[in-house]
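Here is the structure we will look at, set down as C-alpha cells.
The values are calculated or read from the model by the stated rules, or taken from the named source; none is laboratory data. Just so we're clear, the structure is a prediction, and the values are computed from it rather than from any experiment. Virtual Cβ from ideal backbone geometry, glycine too; neighbours counted across all protein chains shown.
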Amino acid sequence: MDRTKQLVVSVVVLAALGGAVWKVSQDDAKKGSATITAADLPDLKATDDVDKISVTNGEKGEVVLEKKGDKWEVTKPVQAAASQANVKSLLDNLKELKAKEIILAAPTDDQKKDFQFEPTKAVHVVTYKGGEKKLDATFGKSGARGQTAMVDGKPGIYSVTGYSSYLFAREVKGWRDTKIFEFDDANVTGFAIENKNGPFSFTKGDKWAGTFKGKPIERFDEDKVKDAIRSLKNLNADDFGDGKSQAEAGLDAPEGKATVTLKDGAGTYVLKVGKVSTGTSRYAMKDGSEVVYTIAQFPADWVTADVAKFQKPVEKADAGAKAASPVMPAGMPGMPPGHGGMGDDDGHGH
C-alpha cells in the first residue's frame, strides 16, 4: 500500500474512533440526565414547628437548642436562655435551603474529605419535632459550584442554595441570650453606686443632683450621670463566666454595685461588678439571676468610679462661674480701663 492510501485509511479510522467517542459521551449524558431529576434531589427545607435543633460545628462541638413553652433554650453544652433572634434566623434560613444539582453520586471517602465532610470541619445540622427527626444535613466546602451538602439517607454530594454559613458557625455564646439590662433611660429617676470610694446617690428632678458620702458633689456634672445610665440601659454580656463561683469572680464581695430606679415603680435594676476576667473586661451579675457574665470596661468603669468621674474639670467649672458673675463693661465713667467690676482698685465697693 502506497503512502497516500495509508494516509487515507488513517484519516478514516480516526474519524470512526472520534464518532464512537462522541456517541458514548452523548449516551452517558443522556443516561445522566435521565437518572438525575428534580425528584431525586433531597428536600432540605425544615418544618415550621421543630422543637429541637442540634448544630455540630466541626471542632467547636455540638450545641443543642430546645423549645420550652414559647421560648428557646440552650441545653448543651450548658443550660441557659437562648437568643430568640438568633434561633429564629437559623430556622428562617433552614427554610431557604434547596438542592440544585448533584456533584458526585457516589463519592469515595477521599472525595468526601476533599469536600471537607470530615467531622472536624463540617457543619452537621439535625432538627426534630416531638423526638422525630425532620432534617439531617451536613454542610461541607463552599466553592465554584456553590455550597456543598450531604443528606442522611442519600449517598451523594449536592450543591445547595440558601445556606448562610455565619448563622450556623456561632460560638456557644452566640446562641445564648446576652441581654443583661434593657430599659428606657428617660424613665430613670434614681441612680446609686456603692464601691470602695464611697456611696454615690443621684436623683432626678428638673435636673440631676448628686451626693457623695452624703454631701453634694462639688463641680457636679449631670451629663456624666446621663452617660453612666446610658452605659447600662442596653447592657449586653461580652461573654460568660461559666464554671466560676461568685467568690472566684469577686461577686461575693463586689468591687462595685449600681442600682437604677425607674419612675412610678416601673422597676429596679441592680448590677454587681467583680474582678477583671480577661483584658479589661470584668465579671458581673444582676439581681435575680445566678448567671455570671463578663462585661466591657466602659460600663464597669462607671460602677467602680471615684468622685472625679462625676465632676467637671476645675478649669471648666471656674470658667462657668466667671461667665455667670456680673461684669461691667470697661470704659464706664469713673472706671479705669480694664476694670470690669464695681469696686475701687483695692477691691472694695462704694
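Okay, here's what the table says:
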quantity: Filtered residue count, the stretch 54-71, keeping only those that are touching a strand residue (DSSP E or B) at 6+ places or on another chain (Cβ under 6 Å) and either assigned to a helix (DSSP H, G or I) or farther than 18 Å from residue 133 by Cα (or both); calculated: 1
quantity: Among residues of the stretch 179-227, those that are closer than 30 Å to residue 291 by Cα and in a helix (DSSP H, G or I), counted; calculated: 7
quantity: Some residue of the stretch 127-134 being closer than 13 Å to residue 163 by Cβ, of a type in the set (Val, Ile, Thr), part of a strand (DSSP E or B) and modelled with pLDDT of 95 or more; calculated: no
quantity: Residue that is modelled with the highest pLDDT, among those in the stretch 34-53 that are in a loop (DSSP other than H, G, I, E, B) and charged (D, E, K, R); calculated: 51
quantity: Counted residues, the stretch 54-81 - those being modelled with pLDDT under 95, surrounded by 13 or more Cβ atoms within 10 Å (Cβ to Cβ) and charged (D, E, K, R); calculated: 1
quantity: Subset of the stretch 152-178 [farther than 18 Å from residue 90 by Cα and not in a loop (DSSP other than H, G, I, E, B)]; calculated: 157, 158, 159
quantity: Residue check, residue 241 modelled with pLDDT of 95 or more and within 23 Å of the chain's Cα centre (by Cα); calculated: yes
quantity: Of all residues making up the stretch 191-242, the number that are surrounded by 19 or more Cβ atoms within 10 Å (Cβ to Cβ) and closer than 30 Å to residue 77 by Cα; calculated: 5
quantity: Any chance residue 303 is in the same structural domain as residue 198 (by TED's automatic domain parsing), farther than 27 Å from residue 79 by Cβ and in contact with a Gly (Cβ under 7 Å, 6 or more places away or on another chain); calculated: yes
